Protein chains: 2
Amino acid sequence: MSDAVSDTEPHAAFSQHDHAHCVATTLQQAERVATERGLRLTPVRRRVLEILLERHSAMGAYDVLERLAEEGFGHQPPVAYRALDFLVANGLAHRIRRINAFIACDHPGEAHHAAFLVCETCNGVAEIPADGLRAMLEAGARSTGFAIGRATIEAAGQCPECRARAEQGTDNEAQE
Amino acid sequence: MSDAVSDTEPHAAFSQHDHAHCVATTLQQAERVATERGLRLTPVRRRVLEILLERHSAMGAYDVLERLAEEGFGHQPPVAYRALDFLVANGLAHRIRRINAFIACDHPGEAHHAAFLVCETCNGVAEIPADGLRAMLEAGARSTGFAIGRATIEAAGQCPECRARAEQGTDNEAQE
DNA sequence: TATTGACTTGTGATAACATAACACATATCT
DNA sequence: AGATATGTGTTATGTTATCACAAGTCAATA
Ligand SMILES: [Zn+2]
Ligand SMILES: [Zn+2]
Ligand SMILES: [Zn+2]
Ligand SMILES: [Zn+2]
């Protein structure tokens, strides 16, 4: 049987890799960005970024808050939301609206538009480049006179690993 | 300088038009779709669709619920959510995640992918064709082996009318 | 006709997500 | 030090969404 997946290059979010390297380089980039722009990457903010960086999936604000509380930071929602909002506002994290969650940015500091692939099975989230998508969206909007500020581009589906796993199980999956 | 907006073709959501015509034709289409597919467009469901069709902007579930309650339907959130979920599942309405709201579909029954332009000033929402965007997104996903189910493409910004209004005000709005 | 089974609508309760308002602390600048 | 802006923590509340269960509707069929 031919494997439809085998000839692709899976995103780091959906495959085994040296994640410590992801964390180190991204955190380093984030720190450089903060310095360059005079942002105050305070203890809470930095810790939230580190927590998000632990996995290639998105975390809800309350999950982040729980971690913060355990570690001696505040126990109330605004503590998490403020740090998360700071990170998002400064391009160090992204908000995934489909699942009300947040994820660390893969390329902080580099001007880019991103789209997100959200696996409905394992909850992994991959950030993929979306400059072309953004340009196309912008073109569509311009023809109606609409001026785009920010865009949200998200896809829900199944990542290659979960897809392969599903192939083994022979059940028919019902669609939504 | 020429007016950057004047030569565009504004979307119905952002300009004066015969809205009764919008409502009539869309509702008619929706009814045809329901009949063809054996869907039960019950009183609540139909009423919710009519309520959404009243304006070219999105409504929150609780706003819909309030209307339903006034009109003798149930008073509890599931009443609204179930009807809305039914409409979304069957392509008669769309969910706008950026603002946690719902809007009637412009072209029920016609297979299409849509993107949405959400005006942050007047809360108008325009549905625009997104088959090209979807194809591009799909291409990006495929290169990572990801299989897309549903996609969310939304832009927040300013509609042509609000943009024009803002231009007039810029001289006066220098001070707060 | 009466039974059945799938589906729909309603309810109360609760979960999950997000912000308002205010007090106090800490950094920055003069 | 004093003035100003920013950040952190708190309590309280607002907003969005789902769960679990009872009762009603409807159509096929025994
Ligand atoms: Zn990694
Ligand atoms: Zn997966
Ligand atoms: Zn209209
Ligand atoms: Zn507008």
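The values are calculated or read from the model by the stated rules, or taken from the named source; none is laboratory data. Note that the coordinates shown come from a computational prediction; the quantities given were computed from them, not determined experimentally. Every residue, glycine as well, gets a Cβ built from its backbone with ideal geometry; the counts of neighbours run over all protein chains shown. Ligands, DNA and RNA are stripped out before the accessible areas are found, and what is left, the full protein with its side chains, is counted by its heavy atoms. Shrake-Rupley method; radii C 1.70, N 1.55, O 1.52, S 1.80 Å.
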Specify which residue in the list B:Phe86, B:Ile128, B:Thr144 is farthest towards the positive end of the charge dipole of region B:23-168, using unit charges on the beta carbon of Lys, Arg (+1) and Asp, Glu (-1), about the Cα centre.
B:Thr144
Computed [θ] at 222 nm, deg cm²/dmol, the protein assembly as shown (DSSP H ≥ 4; -39,500 (n - 2.57); rounded to nearest 500):
-13500 deg cm²/dmol
Quick check: pseudo-label points 7 Å beyond the Cα along Cα→Cβ at A:Arg150 and B:Thr25, how many nm apart are they?
3.5 nm
Listed peptides B:19-30, B:66-77 by packing density, highest first (mean Cβ within 10 Å):
B:19-30, B:66-77
What do you get for the angle between helix B:61-70 and the principal long axis of chain B? Use alpha-carbon atoms, 0 to 90 degrees, nearest ten.
60 degrees
Taking the Cα centre of region B:12-175 as origin and charging only Cβ (+1 Lys, Arg; -1 Asp, Glu), how large is the dipole, in debye to the nearest 20?
720 debye
Along its principal axes, what span do the Cα atoms of region A:32-164 show, with the longest given first and each in whole Å?
51, 43, 25
Bins of 20 Å, beginning at zero and ending with the bin holding the largest distance: percent of Cα pairs per bin for the protein assembly as shown, please.
25, 55, 20, 0
By how many degrees, 0 to 90 and rounded to 10, does the Cα axis of helix B:43-53 deviate from the longest principal axis of chain B?
10 degrees
Mind listing the label-point distances from B:Ala164 to the same position on all other copies, shortest first, one decimal in nm, points 7 Å along Cα→Cβ?
5.7
Any idea how far the Cα center of region A:47-107 sits from the one of region B:83-121, in Å?
29 Å
Between B:Val88 and A:Arg67, take the C-beta separation as r, use R0 = 35 Å, and let me know the FRET efficiency to the nearest 0.05.
0.55
Under-5 Å amide H pairs with A:Phe102, H placed in peptide plane, nonlocal only:
A:Met59, A:Gly60, A:Ile96
So the angle from the long Cα axis of helix A:131-142 to the longest Cα principal axis of chain A, reported in degrees to the nearest 10, equals 90 degrees
Using a label point 7 angstrom from Cα along Cα-to-C-beta, what distances in nm, from shortest up, separate A:Asp18 from the other copies?
6.8
Shortest first and in nm with one decimal, please list how far the B:Glu50 label point sits from its counterparts in the other copies (point 7 Å along Cα→Cβ).
5.9
Carbon and sulfur atoms account, in whole percent of the 1.4 Å probe accessible area of the protein assembly as shown, for 49 percent
Total charge dipole magnitude, the protein assembly as shown, about the Cα centre, Cβ charges on Lys, Arg, Asp, Glu only, Debye to nearest 20
580 debye
